[in-house]
Amino acid sequence: MKIYYAPNTRAVRIVWLFEELGLPYELERFKLGDASMRDPAYLKVNPMGRVPTLKDGDVTISESGAIVQYVLARHAPGRLVPPVESPQFPVYLQWLHYAEGMIMPPVNTVVVETILLAPEKRNPVNAERAVRLLSRMLGAVNTHMDGREYLAGEFSGADIMTGHACTVAARLGADISDKPHVAAYIERVNARPALKRAWAA
């Protein structure tokens, strides 16, 4: 399988997933904002010109959450997902989707306003508002993680999605000084050898 990847993007999640599962993969590397991501050849792979994208034989799939669900269902059945009949299964679904639904939208705003836009086009009010919103979104994680090591019982695909999102939010300046469970969770997931390898890919 081939993973189209750029460092410090959601593609880290997919490499992390493959590393946790011990699945073989090939990396097609880009840099964030690389013009080659808008080349016609890559736009045939992903019309949005973004990463991650996964090619698995005749299947091409993008969106990190969809890739996580696809790989776990097709290539690792029974792994990193609680059984459907388990009380942890709806918890798993909640936190699998929380990353993109609640944490990453303000992350996107912060990245655009502080990194991608030229300085003269940046709006500090938007960036500050997004950082405050991130802190609120992480508050829900902090409450949930009280007394837990991982989001849905044992380590799962939900941790790959939301653990990554929490890490990125903290790196972008979200206040976790009053969120000890989030801070411990971020430290815990980033201590996993598979995530260390993914960050270094």
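The values are calculated or read from the model by the stated rules, or taken from the named source; none is laboratory data. Everything numeric in this text was worked out from a predicted model, so none of it was measured. So basically every Cβ, Gly included, is an ideal-geometry build from the backbone, and we count neighbours across all protein chains shown.
Inside the stretch 98-151, residues that are surrounded by fewer than 18 Cβ atoms within 10 Å (Cβ to Cβ), closer than 15 Å to Ala165 by Cα and polar (S, T, N, Q) make up a count of 1. In the stretch 68-78, of all residues being touching a helix residue (DSSP H, G or I) at 6+ places or on another chain (Cβ under 8 Å) and not in a loop (DSSP other than H, G, I, E, B), the one that is farthest from Val12 (Cα to Cα) corresponds to His75. Pairs are defined by a Cβ separation below 6 Å, a sequence spacing of at least 6 or placement on different chains, a first member in the stretch 111-129 that is over 19 Å from Arg171 (Cβ atoms), and a second member that is assigned to a helix (DSSP H, G or I); the pairs so defined are Asn123/Glu113. Only one of these conditions is not met by Pro83: (1) in a helix (DSSP H, G or I); (2) loosely packed, with under 13 Cβ neighbours inside 10 Å. Which number is it? Pro83 satisfies all of (1) in a helix (DSSP H, G or I); (2) loosely packed, with under 13 Cβ neighbours inside 10 Å except (1).
Name every residue in the stretch 175-201 that is more than 25 Å from Ala140 (Cβ to Cβ) and more than 16 Å from the chain's Cα centre (by Cα), in order of residue number. Across the stretch 175-201, the qualifying residue is only Pro193.
Mind checking whether some residue in the stretch 117-135 is over 27 Å from Ile176 (Cα atoms), of a type in the set (Lys, Arg) and in contact with a strand residue (DSSP E or B) (Cβ under 9 Å, 6 or more places away or on another chain)? There is no residue in the stretch 117-135 that is over 27 Å from Ile176 (Cα atoms), of a type in the set (Lys, Arg) and in contact with a strand residue (DSSP E or B) (Cβ under 9 Å, 6 or more places away or on another chain). Applying a threshold of 7 Å to beta carbon distances and a minimum spacing of six or more residues, or different chains, the list of pairs starting in the stretch 183-201 at a residue that is free of Cβ contacts under 8 Å to residues at least 40 places away in the same chain and in the same structural domain as Ala169 (by TED's automatic domain parsing) and ending at one that is in a loop (DSSP other than H, G, I, E, B) and of a type in the set (D, E, K, R) reads Arg188/Glu149.
Residues of the stretch 16-57 that are exposed (fewer than 12 other Cβ atoms within 10 Å of the Cβ) and touching a Leu at 6+ places or on another chain (Cβ under 9 Å): Gly33 alone. Counted as qualifying within the stretch 153-201 are the helices (runs of 4 or more DSSP H) with 3 or more residues that are in contact with a Gly (Cβ under 9 Å, 6 or more places away or on another chain) and buried (at least 22 other Cβ atoms within 10 Å of the Cβ), namely 180-190. For the stretch 126-136, check the following and say yes or no: at least one residue is of a type in the set (Ser, Thr, Tyr) and in a loop (DSSP other than H, G, I, E, B). No, every residue in the stretch 126-136 fails to be of a type in the set (Ser, Thr, Tyr) and in a loop (DSSP other than H, G, I, E, B). If you go through the stretch 72-105 and pick out every residue that is touching an Asp or Glu at 6+ places or on another chain (Cβ under 8 Å) and aliphatic (A, V, I, L, M), you end up with 1.
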